[in-house]
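Asks: What follows is a structure written as structure tokens; I'll ask about it next.
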């Protein structure tokens, strides 16, 4: 049987306030690694079952390392598999695995309305329209669970795996000011 490396990270879900937003985040609880031999599915099953009892999210990464027997000079072949198990989550996942949150951006409704007036009913958001806030400590995001102030139109989550934009005003229908005025008359 071949040996393989196992890396396990466990997370606890919590809520933190960053600027005008209250976010559901994951905080890294524990990270460990070890080498194992035997059936990797048994190891995977055991690790997930034992860690999921006390953690909200368990991430297991198994890395198989095998030597090529025909050519000793060839580098090791690495086969990698990642598995995650989440529980007690309500919102839809934004990332396939927890992503480290670098900063949170906020686009306020008055900025969008101002942009619409200038551009004849179409809104555009520029980098300078985003108010950025940095989280304190190391936190991770997996899903888009957030509560924001009334004047926040979009929430931008910038992570190590890229940006995700969340529209926070689901009932908002943006119309040019001239159309809104015509309908009231």
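Only the coordinates and a few stated rules stand behind these numbers; no lab work does. Everything numeric here is computed off the predicted structure, so don't read it as measured data. Note that we place each Cβ from the backbone using ideal geometry, even for glycine, and neighbour counts take in every protein chain shown.
Asks: Under the 0.36 nm per residue contour assumption, what length would be gained going from the current alpha-carbon distance of residue 165 and residue 114 to full extension?
Replies: Working: separation 51, 0.36 × 51 = 18.36 nm, distance 1.98 nm.
Result: 16.4 nm gained on full extension.
Asks: While we're looking at this one, here's another question. Per-residue counts of other Cβ atoms within 10 Å, averaged by peptide: what ranking do you get for 33-39, 159-165, 148-154, 138-144, highest first? Walk me through the numbers on the way to the answer.
Replies: Values: 33-39: 11.4, 159-165: 13.4, 148-154: 16.3, 138-144: 19.6.
Put in order of decreasing packing, that is 138-144, 148-154, 159-165, 33-39.
Asks: Roughly speaking, what is the centre-to-centre gap between region 21-39 and region 113-139 when only Cα atoms are used, to the nearest Å?
Replies: Each part reduced to its Cα centre gives a spacing of 33 Å.
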